[in-house]
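One structure is given here, and the rest of the page talks about it.
The values are calculated or read from the model by the stated rules, or taken from the named source; none is laboratory data. It should be emphasised that the depicted structure is a prediction, and the values quoted were computed from it without experimental measurement. In this analysis, Cβ positions are derived from the backbone assuming ideal geometry, glycine residues included, and neighbour counts consider all displayed protein chains.
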């Protein structure tokens with residue numbers, strides 16, 4: 001029920017086209033210190049937003065604004081944010097070219113291969129698509145900050161985080177910390 005309401009809210013607010021230029025102005029005052037002026041976070045634990053699907057950003061911001069998703073650093077920024085601002089910010093970040101953060105750790109071939117081997121049986125590409133670039137309300141995970149991916153997957157596994165549905169919780173159930181580290185390394189090193 002909640003998922004349907006959030007998707008409907010994200011879709012119905014589009015009566016006025018989102019304005020990426022206005023979103024860039026809003027981001028300059030609210031977002032770039034943590035998420036980077038090019039949308040590629042240089043701050044450990046903070047996700048990159050460049051190239052994320054606009055619908056994904058919109059839904060996540062609504063979850064944060066409404067206090068459904070808890071991210072202590074983000075909830076105060078999202079509180080009271082009008083739908084138009086959320087949509088314009090989402091349009092801006094979605095318009096940016098994705099890519100890895102400048103401080104990405106070197107690729108470990110063995111860890112990358114271990115993560116790649118886990119992605120198939122976990123059906124990660126089913127939702128995140130073959131290049132892990134995301135779609136609609138599903139995030140881009142390719143070239144995301146590695147430590148952020150570890151944190152997010154651990155929270156899903158441990159039942160401390162839920163999206164608009166529980167598919168991620170089920171996708172990572174039973175993974176060890178080492179498995180999550182390998183999967184995060186694989187995803188973080190995709191371009």
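Mind checking which residues of segment 88-114 are within 19 Å of the chain's Cα centre (by Cα) and closer than 24 Å to residue 161 by Cβ? Full working, then the answer.
Taking segment 88-114 and keeping what is within 19 Å of the chain's Cα centre (by Cα), we get 88-104.
Listed by number, the residues that qualify are 89, 90, 93, 94, 98, 100, 101, 104.
From the list 65, 30, 69, 40, which residue is without any contact (Cβ under 8 Å) to a residue 40 or more places away in the chain, on the phi < 0 side of the Ramachandran plot and not assigned by TED's automatic domain parsing to the domain that holds residue 161? Quick ask: steps written out before the conclusion?
Details: 30 fails: without any contact (Cβ under 8 Å) to a residue 40 or more places away in the chain; 69 fails: without any contact (Cβ under 8 Å) to a residue 40 or more places away in the chain; 40 fails: without any contact (Cβ under 8 Å) to a residue 40 or more places away in the chain.
Going through 65, 30, 69, 40 in turn, the sole match is 65.
Yes/no per residue for (1) surrounded by 18 or more Cβ atoms within 10 Å (Cβ to Cβ); (2) in contact with a strand residue (DSSP E or B) (Cβ under 8 Å, 6 or more places away or on another chain):
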| residue | (1), (2) |
| --- | --- |
| 105 | no, no |
| 108 | no, no |
| 129 | no, yes |
| 135 | no, no |
| 138 | yes, no |
| 155 | no, no |
| 167 | no, no |
| 187 | yes, no |
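Would you mind finding the one in 55, 85 that is over 23 Å from residue 187 (Cβ atoms) and either at pLDDT 95 or above or touching a helix residue (DSSP H, G or I) at 6+ places or on another chain (Cβ under 8 Å) (or both)?
Working: 55 fails: over 23 Å from residue 187 (Cβ atoms).
The unique qualifying residue is 85.
Filter segment 106-122 for residues that are out of contact with any helix residue (DSSP H, G or I) (no Cβ under 9 Å at 6 or more places or on another chain) and either within 15 Å of residue 177 (Cα to Cα) or assigned to a loop (DSSP other than H, G, I, E, B) (or both); which is modelled with the highest pLDDT?
Filtering segment 106-122 for residues that are out of contact with any helix residue (DSSP H, G or I) (no Cβ under 9 Å at 6 or more places or on another chain) and either within 15 Å of residue 177 (Cα to Cα) or assigned to a loop (DSSP other than H, G, I, E, B) (or both), the one modelled with the highest pLDDT comes out as 106.
Which members of segment 8-47 meet the condition of being assigned to a loop (DSSP other than H, G, I, E, B), out of contact with any helix residue (DSSP H, G or I) (no Cβ under 8 Å at 6 or more places or on another chain) and at pLDDT below 90? So that I can check it myself, show each step before the final result.
Just the residues of segment 8-47 that are assigned to a loop (DSSP other than H, G, I, E, B), to begin with: 16-19, 31, 36-47.
Within this subset, residues satisfying the condition of being out of contact with any helix residue (DSSP H, G or I) (no Cβ under 8 Å at 6 or more places or on another chain) are 17, 36, 38, 40, 42.
Selection gives 17 alone.
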